[in-house]
Amino acid sequence: MSSERPVNPRFAEDMRFVEVPGGPARYQDRTDKPVQYFTVVDKQNGAVLGYVWGGDEDDAAAYVPRRAAGPVGANESMSWISRLREAKARGIRPSQAVAEFLAGPEPGGRGRPLPGSLTDAPNTAAVKAVAQEA
């Protein structure tokens, strides 16, 4: 009798990943085209948590956490990503979503849009650069 355990022959099989269509509607998460963005601040103390941007040319929009905000800024992304997915599911353009967020009621998360902070940027890399500043 052998003390070796039998090896499952399936371990030698090739694995294959097949993406299944579907899932939540999403905007593209980057673009080299011009975008507009606004600052997201903490409702309680006004600290900058991140930035929400949108650009219609590539149907792109996302939330970028501010590095200096740490985990609080990163956690805020769930609230904004959810709102962006809802906007995409309703079929509205990224610029319309950004305008809605600025004009609408305060969101349920920790952050809120900073009034008057809507700014233009040449692309998403510029917004990410702002988010990396201390």
Item to complete: For the range 83-112, enumerate the residues that are open to solvent by 60 Å² or more (accessible area, probe 1.4 Å), touching a residue at least 12 places away in the same chain (Cβ under 8 Å), under 19 Å from Ala60 (Cβ atoms) and within 16 Å of the chain's Cα centre (by Cα).
Response: Arg85, Ala89, Arg93
Fill in: Index of the failed condition, Pro115 passing every other in (1) under 11 Å from Val52 (Cα atoms); (2) open to solvent by 90 Å² or more (accessible area, probe 1.4 Å)
(1)
Worksheet, complete the sentence: Within the range 67-82, residues being under 12 Å from the mean Cα position of the chain (by Cα), open to solvent by 30 Å² or more (accessible area, probe 1.4 Å) and farther than 23 Å from Asp56 by Cα number 2
Fill in: Residue tally, condition on the phi < 0 side of the Ramachandran plot, open to solvent by less than 80 Å² (accessible area, probe 1.4 Å) and either out of contact with any helix residue (DSSP H, G or I) (no Cβ under 7 Å at 6 or more places or on another chain) or of a type in the set (A, V, I, L, M) (or both), over the range 16-32
1
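The values are calculated or read from the model by the stated rules, or taken from the named source; none is laboratory data. No experiment lies behind these values; they were computed from the predicted model shown. Backbone-built Cβ (ideal geometry, glycine too); neighbour counts: all protein chains shown. To get the accessible areas, we keep the full protein, side chains included, count just its heavy atoms, and leave off ligands, DNA and RNA. Shrake-Rupley method; radii C 1.70, N 1.55, O 1.52, S 1.80 Å.
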